[in-house]
1. In what sequence, highest mean first, do 71-80, 7-16, 56-65 appear when ranked by Cβ atoms within 10 angstrom?
2. Let me make sure I get this right: for region 1-52, a, b and c are the square roots of the gyration tensor eigenvalues over alpha carbons, sorted descending. Under 1.5 in a/c it's rounded, otherwise prolate if a/b > b/c, else oblate. Which is it?
3. Residue by residue through region 75-82, which ³J(HN,Hα) values in whole Hz follow from phi under the Karplus form 6.51 cos²θ - 1.76 cosθ + 1.60 (θ = phi - 60°), with glycine and proline marked x?
4. How tilted is helix 9-20 with respect to the longest principal axis of the chain? Cα atoms for both, answer in degrees (0 to 90, nearest 10).
5. Mind checking the full-extension length gain between Ile30 and Lys83? Use 0.36 nm per residue of separation minus the Cα-Cα distance, one decimal, nm.
6. Counting only pairs 8 or more residues apart or on different chains, how many lysine pairs in the chain have their Cα atoms under 23 Å apart?
7. Run the dipole for region 7-68 about the Cα centre, Lys and Arg Cβ at +1, Asp and Glu Cβ at -1, nothing else charged, and hand back the magnitude in debye, nearest 20.
8. For the chain, what does the alpha-carbon gyration tensor say about shape, rounded, prolate or oblate, given a ≥ b ≥ c as the root eigenvalues, a/c under 1.5 as rounded, and a/b over b/c as prolate?
Amino acid sequence: MAKKYYPQIKHQNAMAFCVENGITISPELIKKNTLRLNIRIERDGMVKNIVSPRTYTNKELWEPIYEIYLTYFLKLADEDTIKFSNDKYLSFSKID
């Protein structure tokens with residue numbers, strides 16, 4: 001049985017950063033209690049869709065989602081944003 005997963009502040013900041021920057025991850029139901037992840041990246045007018053080769057159960061799903069968001073965040077965010085993301089919730093929404 002998979003352990004219960006609770007994202008840390010850095011994971012929630014990573015997800016907020018990614019969504020604001022055109023990176024979203026959504027589960028796709030394959031069959032009962034079997035899902036795969038769809039990663040959609042929209043950048044510079046281009047769209048890239050990536051389908052995870054692995055499948056997950058409902059209980060396994062959340063940790064890989066947040067870890068993928070964290071990976072993209074660490075790759076794309078500037079050093080100061082990454083540094084502050086461990087300690088407090090950050091806002092990435094653009095104000096027009």
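1. 7-16, 56-65, 71-80
2. On the way: a/c = 4.06, a/b = 1.23, b/c = 3.31.
Verdict is oblate for region 1-52.
3. With the stated coefficients, region 75-82 comes to 7, 9, 7, 6, 4, 5, 4, 4 Hz.
4. That works out to roughly 80 degrees.
5. On the way: separation 53, 0.36 × 53 = 19.08 nm, distance 3.76 nm.
Result for the pair: 15.3 nm of gain on full extension.
6. Number of lysine pairs found: 20.
7. The dipole of region 7-68 has a size of about 280 debye.
8. Numbers: a/c = 2.53, a/b = 1.38, b/c = 1.83.
Oblate, since a/c reaches 1.5 and b/c is not below a/b.
No lab work stands behind these numbers, since they all come straight from the coordinates. All values reported here derive from a predicted model rather than from experimental measurement. Here the Cβ is made from the backbone with ideal geometry for all residues, glycine too, and neighbour counts use every protein chain on show.
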